[in-house]
Amino acid sequence: MVAGVTSPLRLTDIAAQAQVSEATVSRVLNGKSGVAAGTRHKVLAALDLLGYERPVRLRRRSNGLVGLLIPELTNPIFPAFAQVIEQALAGHGYTPVLCTQTPGGATEDELVEQLEERGVTGIVFLSGLHADSAADPSRYQRLAARGVPFVLINGFNEQVHAPFISPDDRAAADMAVRHLEDLGHRRIGLAIGPTRYVPSARKEQGFLAALPGADEEGLVQRTLFTVEGGHAAGGALLDRGCTGIVCGSDPMALGVIRAARERGLRVPQDVSVVGFDDSPLIAFTDPPLTTVRQPVRAMATAAVGALLEAVGGTPVQRTEYVFQPELVVRGSTGQAPGQ
């Protein structure tokens, strides 16, 4: 009899979910050797997904705690990153500790202090103060001096000597503009967040490189990375005659679409909208959103790999690893009016 398995049906279910043989499931559940770490993880993940309790012998002792700091949960791209990072950490035996900043709540510095008090093995920063060009980078220098390994996602500061993981934001804006130009749009605007943040500044640079002079014409609207921010920016750009609008995030794009509909405009017949991130469920909006996909899985996996190399004592290159985004064309973009 297989430990932890009460019937052949259960064994079959686990094998089907993990996409491995029943014999492999049996070896994992009985703690036998000869199973690759990745395969073992798939079987354990299948157990968890099917709602089965792990046998006692499979409950591993944690290799340590790793802090994950994210700015908020309302933008779906942040939970998407957190999920992949947590899965990757758990696959290596580490227990992730998710810390979310909220208005009026603990600051990034306070959260880091709390994590250090709990003896975390390392920290992953996602879109933190490292992305804010107005913030003091010395906080990260002090953290490094205290011997805490860390990695930073989405945001680069040359004064911080640590691994950075970023998408190519300039290329993202450029490919969005090229897509709209190919559809015949000549009046193209940009709805972007505050340019004190590195990802925003880089997207704006890519946009203006593709469309020199757009800023002087009022075709760059700097606002908040929210639906409300996109709504405000979209209204201003539509009033300036834009038939194509590039956005700094998917929620902003949804705000632009709302602004267009309030003016009696159709998407994409009258105005085309491009988002950024390819957040979960964004393919199911009305219309499905054309967006520039941020390579979340590749970036998150690379971040965890860099962090664990540092934890293991391997010298990690103190540089920025840049990942190429991908344009995903859906229903929110179409031929320019009159084409």
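The values are calculated or read from the model by the stated rules, or taken from the named source; none is laboratory data. The shown structure was predicted, so the numbers you read here are calculated from the model rather than taken from an experiment. Glycine also receives a Cβ, built like all others from the backbone with ideal geometry; neighbour counts cover every protein chain displayed. Note: accessible area is taken over every heavy atom of the protein model, side chains too, but ligands, DNA and RNA are not part of it. Shrake-Rupley method; radii C 1.70, N 1.55, O 1.52, S 1.80 Å.
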Suppose the filter is touching a residue at least 60 places away in the same chain (Cβ under 8 Å), assigned by the TED database to the domain that holds T95 and more than 20 Å from T95 (Cβ to Cβ); does D132 pass it?
yes
Tally time: how many residues in segment 48-74 are in a helix (DSSP H, G or I) and at pLDDT 80 or above?
1
For segment 144-177, give me the residue count where each residue is in contact with a strand residue (DSSP E or B) (Cβ under 6 Å, 6 or more places away or on another chain), outside any loop (DSSP other than H, G, I, E, B) and over 30 Å from G338 (Cα atoms).
8
Qualifying positions in segment 325-339 - at pLDDT 95 or above and open to solvent by 80 Å² or more (accessible area, probe 1.4 Å)
E326, V329, Q335
Tell me whether segment 9-21 contains one or more residues that are assigned to a loop (DSSP other than H, G, I, E, B) and at pLDDT below 80.
no
Does any residue of segment 305-324 turn out to be of a type outside the set (A, V, I, L, M), closer than 30 Å to R266 by Cα and modelled with pLDDT of 95 or more?
no
In the list R170, R142, R146, which residue meets the criterion of being among the basic types (K, R) and under 21 Å from A298 (Cα atoms)?
R170
Give the number of residues within segment 182-223 that are free of Cβ contacts under 8 Å to residues at least 60 places away in the same chain and either acidic (D, E) or open to solvent by 20 Å² or more (accessible area, probe 1.4 Å) (or both).
18
With the checklist (1) assigned by the TED database to the domain that holds C242; (2) in contact with a helix residue (DSSP H, G or I) (Cβ under 8 Å, 6 or more places away or on another chain); (3) not in a loop (DSSP other than H, G, I, E, B) in hand, flag the one item L180 doesn't pass.
(2)
In segment 209-247, the residues that are charged (D, E, K, R) and either modelled with pLDDT of 95 or more or closer than 17 Å to V271 by Cα (or both)
R222, E228, D239, R240
Filter segment 89-107 down to residues that are part of a helix (DSSP H, G or I) and surrounded by 18 or more Cβ atoms within 10 Å (Cβ to Cβ) and give me whichever is farthest from the chain's Cα centre (by Cα).
A90
Which residues, counting only those in segment 147-180, are open to solvent by 20 Å² or more (accessible area, probe 1.4 Å), within 19 Å of F276 (Cα to Cα) and without any contact (Cβ under 8 Å) to a residue 60 or more places away in the chain?
R170, D174, R178
Do you know which of the residues in segment 115-127 that are open to solvent by 10 Å² or more (accessible area, probe 1.4 Å) and under 23 Å from N154 (Cα atoms) is farthest from the chain's Cα centre (by Cα)?
E116
When segment 224-256 is checked residue by residue, the ones that are open to solvent by 10 Å² or more (accessible area, probe 1.4 Å), out of contact with any helix residue (DSSP H, G or I) (no Cβ under 7 Å at 6 or more places or on another chain) and over 18 Å from L73 (Cβ atoms) are A232, A236, D239, R240, G241, T243
Can you tell me which residue within segment 275-319, out of those that are outside any loop (DSSP other than H, G, I, E, B) and open to solvent by 40 Å² or more (accessible area, probe 1.4 Å), is nearest to P79 (Cα to Cα)?
R297
Can you tell me which residue among G264, G331 is in a loop (DSSP other than H, G, I, E, B) and free of Cβ contacts under 8 Å to residues at least 24 places away in the same chain?
G264
